[in-house]
């Protein structure tokens, strides 16, 4: 563990706004996150990608049509839309499945960066998935911590 008495540590909070279609709409955020990182001037640290709300999530995947389709089909099998969900009985909004899917994926992801670049694998992209049953405007919060 290295501790410096005087640090040039900075925290920069940014956001991305997405218009989504719902029902497993999957967006590659990697380029936008990299651009926001470059604008901070930070060289080393971590970025936390966080989605407020309970029907969307973030993860990494190889963002290519086959993998994205496979991921969507998996979510359709794990939490099908057409099952009766107690959430739907209480609220009547028909998106109980979306809450289950989002809870499995999770609302946040942390990615390290060094030399001003995200430390992702060659075929690894950061994605947002909107599981809701309708189009939405989503905000993704990016918090960069580093120096």
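Of the residues 46, 33, which is under 17 Å from residue 145 (Cα atoms), part of a strand (DSSP E or B), modelled with pLDDT of 95 or more and in contact with a strand residue (DSSP E or B) (Cβ under 7 Å, 6 or more places away or on another chain)?
It is 46.
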**Asked** Does segment 63-70 contain at least one residue that is in contact (Cβ under 8 Å) with a residue 60 or more places away in the chain and either outside any loop (DSSP other than H, G, I, E, B) or within 16 Å of residue 26 (Cα to Cα) (or both)?
**Response** yes
**Message:** Filter segment 102-113 down to the residues that are in contact (Cβ under 8 Å) with a residue 60 or more places away in the chain, buried (at least 17 other Cβ atoms within 10 Å of the Cβ) and within 14 Å of residue 51 (Cβ to Cβ) and list them by number.
**Reply:** 109
**Item:** Residue within segment 4-21 that is farther than 23 Å from residue 122 by Cα, out of contact with any helix residue (DSSP H, G or I) (no Cβ under 6 Å at 6 or more places or on another chain) and surrounded by 17 or more Cβ atoms within 10 Å (Cβ to Cβ) present
**Value:** yes
**Request:** Name every residue in segment 114-147 that is surrounded by 12 or more Cβ atoms within 10 Å (Cβ to Cβ) and without any contact (Cβ under 8 Å) to a residue 12 or more places away in the chain, in order of residue number.
**Result:** 119
**Item:** Criterion (free of Cβ contacts under 8 Å to residues at least 60 places away in the same chain, touching a helix residue (DSSP H, G or I) at 6+ places or on another chain (Cβ under 9 Å) and assigned to a loop (DSSP other than H, G, I, E, B)) met by exactly one of 94, 53
**Value:** 94
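The values are calculated or read from the model by the stated rules, or taken from the named source; none is laboratory data. The structure displayed is predicted, hence computed values, not measured ones. We place every Cβ from the backbone using ideal geometry, glycine too, and count neighbours over all the protein chains shown.
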